[in-house]
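Sharing a structure with you now.
The values are calculated or read from the model by the stated rules, or taken from the named source; none is laboratory data. The structure displayed is predicted, hence computed values, not measured ones. Heads up, the Cβs are rebuilt from the backbone with ideal geometry, glycines too, and the neighbour counts pull from every protein chain shown. Ligands, DNA and RNA are stripped out before the accessible areas are found, and what is left, the full protein with its side chains, is counted by its heavy atoms. Shrake-Rupley method; radii C 1.70, N 1.55, O 1.52, S 1.80 Å.
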Amino acid sequence: MESLSATHKRFGQRIKELRKDREMTQEDLAFKVEVDRSYMGFVERGEKNPTLAKLIKIARSLNVSLSELFRSI
């Protein structure tokens, strides 16, 4: 079974992929999610475990559903 840390890293890569597909910077996404840019960096590197409320804001900011956000994780 994959470790939690590896899952966080895969999830962070998914956010980064979606963000780049939308030609957004970390700062752009962080502004929309109402967090600091450094926090988004931690999430994208799998170093932070965002709350459900933050996950919803991330999904909305990327214009995807929560299920789409977690696709292939």
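Only one residue in Lys48, Lys20 is on the phi < 0 side of the Ramachandran plot and in contact with a Phe, Trp or Tyr (Cβ under 8 Å, 6 or more places away or on another chain), so which one is that?
Lys48
Every residue in segment 3-19 that is within 8 Å of the chain's Cα centre (by Cα) and farther than 18 Å from Lys57 by Cβ, please.
Gln13
Residues in segment 1-36 that are of a type in the set (A, V, I, L, M, F, W, C) and in contact (Cβ under 8 Å) with a residue 60 or more places away in the chain: how many?
Total satisfying the criteria: 1.
Being on the phi > 0 side of the Ramachandran plot and at pLDDT below 95 narrows it down to one of Ser5, Ser72, so name that one.
Only one candidate qualifies: Ser72.
Any chance you could count how many residues in segment 29-41 are assigned to a helix (DSSP H, G or I) and open to solvent by 70 Å² or more (accessible area, probe 1.4 Å)?
3
Moving to a separate point now. With (1) of a type in the set (A, V, I, L, M); (2) in a loop (DSSP other than H, G, I, E, B); (3) closer than 18 Å to Thr7 by Cα as the list, and Ala59 as the residue in question, which single condition is left unmet?
(2)
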